[in-house]
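Inspection log for the structure reproduced underneath, given as structure tokens.
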Amino acid sequence: MLFGLFCLAVGLSICWFLWEKRHRKTHAMAGGVHKDITLRHEQEFELYHNALSLCSKKVRVCLDELGIPYKGHHIHLIETGYYETLSRHFLKVNPAGILPVLVHNGHPVYESHDILTYAASHSDTPYLLVPKFEKAQQEMQYWVDKASVIGENADEGIKISAGYCSGMLSLPLFAAGMTFIPLRYPLVGLLFHRLKIRAVLFTLLKLTGLGGFAKLNPLLKKMAAGRDYMHKHLSDLEQQLEINGAWIMGEQFTLADVSWLTVFERLREADWLDYYLRDNQYPNISRYWEALKSRDSYRTAILEHGHHSIDSSLQLIQQSKAADPALARKLETCFAGHAFSR
Ligand SMILES: N[C@@H](CCC(=O)N[C@@H](CS)C(=O)NCC(=O)O)C(=O)O
């Protein structure tokens with residue numbers, strides 16, 4: 001009898017899994033607008049985004065700076081609650097299962113750096129966030145890319161992008177945040193995530209917590225590489241600001257500044273800002289970060305979209321470091337120089 005029930009439960013679970021798998025097909029999507037796809041929509045612009053997601057923040061700041069009104073759809077990531085990005089309803093919006101997605105007149109636009117360019121070209125005021133001349137546009141694009149998450153190879157990405165480094169530096173934040181998420185939620189990712197390595201990572205972080213993470217050398221090494229390469233990107237930015245003054249491209253606030261704003265915001269919420277800005281190591285960047293925070297878009301697109309998971313994770317990191325100064329030291333010094341010695 002018991003064996004019969006067990007077999008029935010296993011059979012039903014397999015049927016459920018196969019049925020769900022058929023309805024949750026995921027695959028990569030190219031960046032830019034997809035005119036061949038039309039989604040249900042109510043407004044000219046709609047944005048699928050998440051409070052914590054760095055790439056979502058970038059697009060929210062961009063839309064607010066451009067004065068483009070949009071209808072927002074908040075979609076959970078595992079970091080803020082559960083894998084809503086792997087739900088059937090969201091996979092219809094983006095089969096890649098990632099955020100953000102801008103929908104313009106029903107057509108989805110993928111990849112945040114492409115969304116910025118697309119949105120800026122649909123603003124009522126031409127050249128609001130983009131310089132007029134082609135050479136300056138190319139230079140701006142270099143700085144946009146340097147703060148973006150392009151491609152899916154993080155080990156290579158950190159060498160060219162501060163955006164990728166901030167992803168690596170987020171590992172302690174994610175480890176802290178997973179404390180508040182039940183184990184069954186990351187397990188869903190093991191079943192349905194296109195990029196299994198991400199689901200494995202979050203399951204592992206759930207199992208280890210922040211304390212356990214600090215003992216996992218392979219992950220610490222990755223974080224340390226991101227931490228050290230970030231210095232290289234910040235030195236480049238410091239030099240650019242020294243020459244150009246107020247913003248990356250000089251007098252004009254551009255898509256490059258939009259992109260870097262979210263990199264610094266991630267450093268703030270993952271408790272790395274003091275490490276990078278202490279002792280006035282980067283005086284121009286310190287001044288620049290203050291100027292970024294004083295923009296209206298920082299309030300409307302970042303602060304007003306706060307989420308309790310971000311605050312609780314940051315609080316937990318700060319409390320853990322205060323209670324165990326060795327942990328703070330380890331995060332700041334482990335595998336120092338390793339990234340450059342390979
Ligand atoms: N290159 C993409 C990266 C998008 C991306 O990785 N988004 C993250 C949030 S910042 C995501 O949706 N992750 C969901 C997951 O991996 O499960 C872009 O710039 O839009």
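Each reported figure results from applying straightforward, stated rules to the coordinates on display, with no laboratory input. Note that the structure is predicted; figures quoted are calculated from it, not measured. Here the Cβ positions follow ideal geometry from the backbone for every residue, glycine too, while neighbour counts run over all protein chains shown.
Output the relative contact order of segment 28-121, whole-number percent, from Cα pairs under 8 angstrom with separation of 6+ residues.
Reported relative contact order: 44 percent.
What are the ³J(HN,Hα) couplings of segment 197-206, residue after residue, when phi is run through the Karplus curve with 6.51, -1.76, 1.60 and θ = phi - 60°? Round to Hz, x for glycine and proline.
Taking θ as phi minus 60°, the curve returns 4, 5, 5, 4, 4, 5, 5, 4, 5, 5 Hz for segment 197-206.
Before anything else, pin down the relative contact order of the chain: Cα pairs under 8 Å, at least 6 apart, normalised by residue count, whole percent. Can you show the working numbers first?
Values: 492 pairs, mean separation 68.8, N = 342.
It rounds to 20 percent for the chain.
P(r) of segment 89-244 in 5 Å steps, Cα pairs, percent per bin?
Reading the bins upward from 0: 2, 8, 13, 15, 17, 16, 12, 9, 6, 2, 0.
Quick check: net charge around Leu201, other residues with Cβ under 12 Å of its Cβ, Lys/Arg +1 and Asp/Glu -1?
+3
Under 10 Å from the Cβ of Val93, count the other residues' Cβ atoms, weight Lys and Arg +1, Asp and Glu -1, and hand me the total.
Here the count lands on +1.
Per residue and in cubic angstrom, what volume does the convex hull of the Cα atoms of segment 1-70 have?
Spelled out: Cα convex hull of segment 1-70, divided by residues, is 175 Å³.
Where does the charge balance sit around Asp257 when Lys and Arg score +1, Asp and Glu -1, over other residues with C-beta under 10 Å from its C-beta?
Spelling it out: positives minus negatives among the neighbours equals 0.
If the cut-off is 20 Å between C-alpha atoms, which aspartates and glutamates fall inside it for Lys330, apart from same-chain ones fewer than 8 positions away?
Partners found: Asp228, Glu269, Asp271, Asp274, Asp279.
Toward the positive end of the charge dipole of segment 1-136, about the Cα centre and with charges on Cβ (Lys, Arg +1; Asp, Glu -1), which of Met1, His89, Val61 goes farthest?
Met1
Suppose we keep just the DSSP beta bridges with both residues in the chain; what percent of those would be antiparallel, to 5?
Values: 11 of 15 bridges.
So the antiparallel bridges in the chain amount to around 75 percent.
If the reach is capped at under 28 angstrom between alpha carbons, list the lysines near Lys132, excluding any in the same chain fewer than eight residues apart.
Lys35, Lys57, Lys58, Lys146, Lys293
Suppose we keep just the DSSP beta bridges with both residues in segment 1-152; what percent of those would be antiparallel, to 5?
Close to 70 percent.
Using the Cα centre of the chain as the reference point, and only Cβ charges (+1 on K/R, -1 on D/E), how large is the resulting charge dipole? Debye, rounded to the nearest 20.
On the way: 37 positive and 35 negative charges, 290 e Å.
Dipole of the chain, to the nearest 20 debye: 1400 debye.
Expressed as a whole number of Å, what is the distance separating the alpha-carbon centroids of segment 235-253 and segment 140-203?
28 Å
Going down the list Lys206/Lys321; Lys159/Lys215; Lys92/Lys196, which pairs span over 22 Å between their C-alpha atoms?
From the list (Lys206/Lys321; Lys159/Lys215; Lys92/Lys196), the Cα-Cα distance tops 22 Å for Lys159/Lys215.
Report, largest value first, the span of the C-alpha coordinates of the chain along each principal axis, in whole Å.
Ordered largest first, the chain gives principal extents of 78, 53, 36 Å.
Which peptide among 55-62, 319-326 comes first, and what is the full order, when sorted by highest mean count of other Cβ atoms within 10 Å?
Packing proxy ranking, top to bottom: 55-62, 319-326.
Would you mind pulling out the separation of the Cα centroids of segment 8-43 and segment 285-342, in Å?
Segment 8-43 and segment 285-342 have Cα centres spaced 34 Å from each other.
Once you treat every alpha carbon in segment 54-129 as an equal point and sum by Debye, what is log10 I(q)/I(0) at q = 0.12, 0.22, 0.25 Å⁻¹?
-0.34, -1.01, -1.23
Give the aspartates and glutamates reachable from Lys25 as a straight Cα distance under 20 Å; neighbours fewer than 8 places away on the same chain don't count.
Partners within reach: Asp36, Glu84, Glu111, Glu152.
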